[in-house]
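Computed from the coordinates by the stated procedures, all read-outs in this text should not be read as laboratory data. The structure displayed is predicted, hence computed values, not measured ones. A quick note on method: Cβ atoms are made from the backbone with ideal geometry, for glycine too, and the neighbour counts reach across all protein chains shown.
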Amino acid sequence: MTHRRPLIAGNWKMHQTAASAGVLVAEICAAIPPQSYDDVDVVLCPPYTALASVAQAIAGSGLHLGAQDVSAHEWGAYTAQISAPMLLEFGTRYVIVGHSECRAYARQQDEEINAKVRRCLKHGLIPIVAVGETHEEHAAGKTHERVTGQIREAFAGVEIGDVERAVVAYEPVWAIGSGTSDTPEEAATVIAAIRSAVPGLERARCLYGGSMKPENAAALLAQPQIDGGLIGGASLNAQSFAQIVDHARKAITTP
Ligand code: 13P
């Protein structure tokens, strides 16, 4: 049993238009019993273009709004970027920072990710800081070295009180979208290493991400180190997402 409040976040990635997002939110609201929100924080992270329609659709539901990235800058000549104040306009509470797809495709480096984390915290946004090793790093036995390095860089210079407010997502790159998650024991061991890498993280919520789905969520969430999930594919199906939320709820009541 954990003293940290569970969090289940859906990362929709580049799926859903503003119009289709409203339909999916309605399905999610119908599938999750409202009392679930007493025990679990549930966050939807749509693409930027669907933030407004999701904000409207979740109003009064207990669901929270998250974004998939944020600019490291406050404002200025940064074509195509979206700033923290812009996200706050929609009632955004959480921001995924440092997702492996942003690291790989948008070439985001640790220094920029650190600036994004600080930008979030300055504005009261809760960063969901994603770290994870590649298949090659995993095979070479470099998992702990890689993720603790990433996490130290992400939180460099951040005060302990802010570290405690943040959320970490351990997402092994090789598990994302593969259909096969890490084992619960292995994921818990890596998360324990993450927590000991930065003072304050022992109190922060740490999620697992990478092919979490209804079939494996209970076992992953039963690990005391794992406070929730960052869900990709399974978050696009209302029933699957709701089942994962239910597993998170049961994990806190099951000794
Ligand atoms: P999948 O759940 O589709 O593996 O994606 C995980 C992820 O990248 C969430 O951020």
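Six or more apart or on different chains, Cβ atoms under 7 Å: show the pairs whose first residue is in the range 68-88 and on the phi < 0 side of the Ramachandran plot and touching a residue at least 12 places away in the same chain (Cβ under 8 Å) and whose second is part of a loop (DSSP other than H, G, I, E, B) and loosely packed, with under 14 Cβ neighbours inside 10 Å.
Qualifying pairs under 7 Å: Ser71/Tyr78; Ser83/Glu74; Ser83/Trp75.
Could you please find all residues in the range 69-121 being of a type in the set (Phe, Trp, Tyr) and either in a loop (DSSP other than H, G, I, E, B) or in contact with a Leu (Cβ under 9 Å, 6 or more places away or on another chain) (or both)?
Result: Trp75, Tyr78, Phe90, Tyr94.
Table: residues versus (1) surrounded by fewer than 24 Cβ atoms within 10 Å (Cβ to Cβ); (2) more than 16 Å from Pro184 (Cα to Cα).
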| site | (1), (2) |
| --- | --- |
| Leu207 | no, no |
| Asn216 | yes, no |
| Gln223 | yes, no |
| Phe241 | no, yes |
| Ile244 | no, no |
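Can you tell me which residue within the range 89-99, out of those that are surrounded by 20 or more Cβ atoms within 10 Å (Cβ to Cβ) and either under 15 Å from Val147 (Cα atoms) or of a type outside the set (S, T, N, Q) (or both), is nearest to the chain's Cα centre (by Cα)?
Here the answer is Ile96.
Under 8 Å by Cβ, and 6 or more places apart or on different chains, what pairs join a residue from the range 96-119 that is under 14 Å from His73 (Cα atoms) with one that is crowded, with 16+ Cβ neighbours inside 10 Å and aromatic (Phe, Trp, Tyr)?
What qualifies is Asn114/Phe155; Val117/Phe155.
Select, from Thr134, Thr148, Thr183, the only residue that is of a type in the set (Ser, Thr, Tyr) and free of Cβ contacts under 8 Å to residues at least 24 places away in the same chain.
Step by step, each of Thr134, Thr148, Thr183 is checked, and only Thr183 is of a type in the set (Ser, Thr, Tyr) and free of Cβ contacts under 8 Å to residues at least 24 places away in the same chain.
What residue, of Gly177, Gly200, Gly232, is within 16 Å of the ligand (Cβ to nearest atom), at positive phi and out of contact with any Cys (no Cβ under 6 Å at 6 or more places or on another chain)?
None of the other options fit; the residue is Gly177.
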